[in-house]
Amino acid sequence: MRQWTTEERYRVLHSPDEISDLYDKISKSVYRQTYHVQPVTGLSSDPNGFTCHKGTWHLFYQWCPWGAVHGLKYWYHVSSPDLINWKNEGVGLAPDTFYDNKGCHSGSAICAGDDLYFFYTGNHRDENWVRTPYTCAAKLGKDGKPEKLPEPLFGPRDDYSEHQRDPKVVYNEKNNKYYIFIGAQTLDKKGTVQIYQSENLLSGWSFAGQLNVVGFEDFGGMWECPYIVNISGSDVLIFSPQYTKLPGRSESTNHNVYLIGKMDYDTLTFTPESGYRHLDYGFDFYAAQGASNVGDPDKAILIGWIGLPDNHYPTEEEDWEGSMGLPRELRVKDGKLLQTPVSGIEALRAGQAPADGTLPAACEMIVEPAADADFDLNLYTKADGSGGLRLHYDAASKTCTVDKTGLNKRFNMAVGEVLDMPLENPLRNLRIFIDRSSTEYFVNDGEATFTSHTYPEAEEFHYTVTDGAAVKIYKLNPSVKDDFVV
Ligand code: FRU
């Protein structure tokens, strides 16, 4: 693993020429995705500023241009007419002011009137590397680039630790006010959310208080990337708690969970209807953010980072890593989220591939197991069926267990290579999206999902499945342009 100095990680990008060779090199990788958003060079992590504005979907990702390392972060911009076909737009926000001198960290977007506004964390560090997180704003300019406000909206509070970031802005129709949710850590190192309020988007912000999430007063050491949305009358609070292990999640200390309940803006209280649930049960899913301006009260669109903060991936050797997940539609049913792949994705199907035990590098696989029986589906096996990413369903406990120890390329072994995906209903169907370096399972029409990075080698493009299961495989056309735009 390459060791990076602080100077190397935090180098400022002055010209695209500085990374054009890197782009040429990584474009040749067999692991470059074909229908998932991925970093133009270097590393992509959290999705940011996800919104639909005047018919165009805008998405940004946390981007470190230099390699597979978390260093100086930019917002890199991609856009889409349909959430499926994406093109590179270049740098959205660059860390070029005093307030964000060491990174434009995560944040969100909101449309108001005809305008599109962005809220992000300016990660300032002084010469002693002491961090001051500022909440900053920008507005989409006529040239299609975000234009920053000269001054931050507010700075950090000194009655919390330095971890105060990732503004999620929302509008509350009931009192005509805007709110910003900030992921935070208390001085005694508990994860929480701070709430700011204002009647205007770009001025007048004041601290309203700390969000009281009933029953979650001591749940992890920092809540990154909070997101709140109302779907069909239920409030859904999504966040990424850190510095804690959770049952059934092996050694991982980074998670992405959701609560369904009621948000009361008068008392700043979120009352969950039930316990937390995992947004995704896979090895690599984090910092998910929903789009604003979806225009449908019964649905949200969510996108997550296929990756975890402290993990390392095999493409690190090639000087890049990370990918966005497939956008997913969220609905609420029976007090739970249903998550389905973005509608219209079927348009990428390039004909059915024979279900003959070989696996195309980019495909959709639909599997219907026989009812009420144990079941196995092993992807990326060798020709003799050995190895691979092995999914076993135990009908008695209604649990799928996914084991990645059989893959040739193993990684993040210490975090855990076997995870369970418990179901509430018997396994009926699996819809699996396979791209060159990721695998996403959507189970039982969206009851549960399992997302992971996977880096198959040439001999591993095979699968085995329990007899009697119906299997369909569709090759998928590429839909994400990988042009060098900086
Ligand atoms: C989550 C996170 C955010 C932060 C960003 C920096 O992965 O740590 O809290 O804003 O990444 O890249």
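For F285, indicate whether it is touching a residue at least 60 places away in the same chain (Cβ under 8 Å), within 16 Å of the ligand (Cβ to nearest atom) and open to solvent by less than 60 Å² (accessible area, probe 1.4 Å). Let's see the steps before the verdict.
Details: touching a residue at least 60 places away in the same chain (Cβ under 8 Å): yes; within 16 Å of the ligand (Cβ to nearest atom): yes; open to solvent by less than 60 Å² (accessible area, probe 1.4 Å): yes.
The answer is yes for F285.
With the checklist (1) under 22 Å from the mean Cα position of the chain (by Cα); (2) on the phi > 0 side of the Ramachandran plot in hand, flag the one item R436 doesn't pass.
Answer for R436: the failing condition is (2).
When the residues of segment 47-65 are narrowed to those that are within 16 Å of the ligand (Cβ to nearest atom) and more than 24 Å from K28 (Cα to Cα), which ends up surrounded by the most Cβ atoms within 10 Å (Cβ to Cβ)? Show your work before the answer.
We begin by selecting, within segment 47-65, every residue within 16 Å of the ligand (Cβ to nearest atom); these are 47-50, 59-65.
Filter again for more than 24 Å from K28 (Cα to Cα), leaving 47-50, 59.
Working: P47: 27, N48: 31, G49: 28, F50: 25, L59: 26.
Once the filter is applied, the top-ranked residue is N48.
Consider segment 323-334. How many of its residues are touching a strand residue (DSSP E or B) at 6+ places or on another chain (Cβ under 8 Å) and modelled with pLDDT under 95? Let's see the steps before the verdict.
At the first step, the residues of segment 323-334 found to be touching a strand residue (DSSP E or B) at 6+ places or on another chain (Cβ under 8 Å) are 323-332.
Still in the list and also modelled with pLDDT under 95: none.
Residues in segment 323-334 being touching a strand residue (DSSP E or B) at 6+ places or on another chain (Cβ under 8 Å) and modelled with pLDDT under 95: 0 in total.
Against the condition surrounded by fewer than 18 Cβ atoms within 10 Å (Cβ to Cβ), assigned by TED's automatic domain parsing to the domain that holds V40 and in contact (Cβ under 8 Å) with a residue 24 or more places away in the chain, how does N175 come out, does it pass? Can you show your working first?
On the way: surrounded by fewer than 18 Cβ atoms within 10 Å (Cβ to Cβ): yes; assigned by TED's automatic domain parsing to the domain that holds V40: yes; in contact (Cβ under 8 Å) with a residue 24 or more places away in the chain: yes.
It is true that N175 is surrounded by fewer than 18 Cβ atoms within 10 Å (Cβ to Cβ), assigned by TED's automatic domain parsing to the domain that holds V40 and in contact (Cβ under 8 Å) with a residue 24 or more places away in the chain.
Can you give me the number of residues within segment 1-40 that are touching a residue at least 12 places away in the same chain (Cβ under 8 Å), part of a loop (DSSP other than H, G, I, E, B) and open to solvent by 30 Å² or more (accessible area, probe 1.4 Å)?
8
Answer yes if at least one residue in segment 124-139 is free of Cβ contacts under 8 Å to residues at least 24 places away in the same chain and either open to solvent by less than 20 Å² (accessible area, probe 1.4 Å) or touching a Cys at 6+ places or on another chain (Cβ under 7 Å) (or both), and no otherwise.
no
Within segment 306-316, can one find any residue that is open to solvent by 10 Å² or more (accessible area, probe 1.4 Å), more than 16 Å from the ligand (Cβ to nearest atom) and in contact (Cβ under 8 Å) with a residue 40 or more places away in the chain?
yes
Regarding A68, is this residue within 16 Å of the ligand (Cβ to nearest atom), modelled with pLDDT of 95 or more and in contact with an Asp or Glu (Cβ under 9 Å, 6 or more places away or on another chain)? Working first, answer last.
Details: within 16 Å of the ligand (Cβ to nearest atom): yes; modelled with pLDDT of 95 or more: yes; in contact with an Asp or Glu (Cβ under 9 Å, 6 or more places away or on another chain): yes.
Yes.
Conditions (1) part of a strand (DSSP E or B); (2) at pLDDT 95 or above, marked per residue:
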position	(1), (2)
P152	no, yes
S161	yes, yes
V169	yes, yes
K174	no, no
I180	yes, yes
G183	yes, yes
K189	no, yes
V193	yes, yes
Q197	yes, yes
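Matching residues to (1) in a helix (DSSP H, G or I); (2) touching a Ser or Thr at 6+ places or on another chain (Cβ under 8 Å):
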{"residue": "L391", "(1), (2)": "no, yes"}
{"residue": "S397", "(1), (2)": "no, no"}
{"residue": "V402", "(1), (2)": "no, yes"}
{"residue": "A414", "(1), (2)": "yes, no"}
{"residue": "I432", "(1), (2)": "no, yes"}
{"residue": "Y441", "(1), (2)": "no, yes"}
{"residue": "D467", "(1), (2)": "no, no"}
{"residue": "Y474", "(1), (2)": "no, no"}
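Just the residues that are within 20 Å of F50 (Cα to Cα), open to solvent by 10 Å² or more (accessible area, probe 1.4 Å) and touching a residue at least 12 places away in the same chain (Cβ under 8 Å), please, taken from segment 96-123.
Passing the criteria: H105, I110, C111, A112, D114, D115, Y117.
Working carefully through the options G335, G388, G322, find the one that is of a type in the set (G, A, S), open to solvent by less than 30 Å² (accessible area, probe 1.4 Å) and within 16 Å of the ligand (Cβ to nearest atom). Break it down into steps so the answer makes sense when it comes.
Values: G335 fails: within 16 Å of the ligand (Cβ to nearest atom); G388 fails: within 16 Å of the ligand (Cβ to nearest atom).
Answer to the selection: G322.
What are the residues in segment 207-248 that are crowded, with 17+ Cβ neighbours inside 10 Å, outside any strand (DSSP E or B) and among the small types (G, A, S), if any?
Once the filter is applied, which keeps residues that are crowded, with 17+ Cβ neighbours inside 10 Å, outside any strand (DSSP E or B) and among the small types (G, A, S), segment 207-248 yields G220, G221.
Can you tell me which residue in segment 456-467 is nearest to S27 (Cα to Cα), limited to those that are among the hydroxyl-bearing types (S, T, Y) and surrounded by fewer than 20 Cβ atoms within 10 Å (Cβ to Cβ)? Steps first, please.
Taking segment 456-467 and keeping what is among the hydroxyl-bearing types (S, T, Y), we get 463-464, 466.
If we keep only those that are surrounded by fewer than 20 Cβ atoms within 10 Å (Cβ to Cβ) too, we end up with 464, 466.
Values: T464: 31, T466: 37 Å.
Once the filter is applied, the top-ranked residue is T464.
Among A395, A448, A414, A470, which is crowded, with 17+ Cβ neighbours inside 10 Å and in contact (Cβ under 8 Å) with a residue 24 or more places away in the chain?
A448
Suppose we filter segment 71-92 for residues that are more than 12 Å from the ligand (Cβ to nearest atom), hydrophobic (A, V, I, L, M, F, W, C) and touching a strand residue (DSSP E or B) at 6+ places or on another chain (Cβ under 7 Å); how many remain?
Final tally of qualifying residues: 4.
Take segment 238-278 and flag every residue that is among the basic types (K, R), farther than 30 Å from E199 by Cα and touching a residue at least 12 places away in the same chain (Cβ under 8 Å).
Applying the first criterion (among the basic types (K, R)) to segment 238-278 yields 245, 249, 262, 277.
Applying the additional criterion that residues be farther than 30 Å from E199 by Cα yields 245, 249, 277.
Passing the criteria: R249, R277.
Of the residues that sit in segment 180-206 and are open to solvent by 50 Å² or more (accessible area, probe 1.4 Å) and of a type outside the set (S, T, N, Q), which one is farthest from the ligand (Cβ to nearest atom)?
E199
The values are calculated or read from the model by the stated rules, or taken from the named source; none is laboratory data. Keep in mind it's a predicted model, so treat the numbers as computed, not measured. Neighbour counts are summed over all protein chains in view; Cβ atoms, including those assigned to glycine, are modelled from backbone coordinates with ideal geometry. For accessibility, only protein heavy atoms count, side chains too; no ligands or nucleic acids. Shrake-Rupley method; radii C 1.70, N 1.55, O 1.52, S 1.80 Å.
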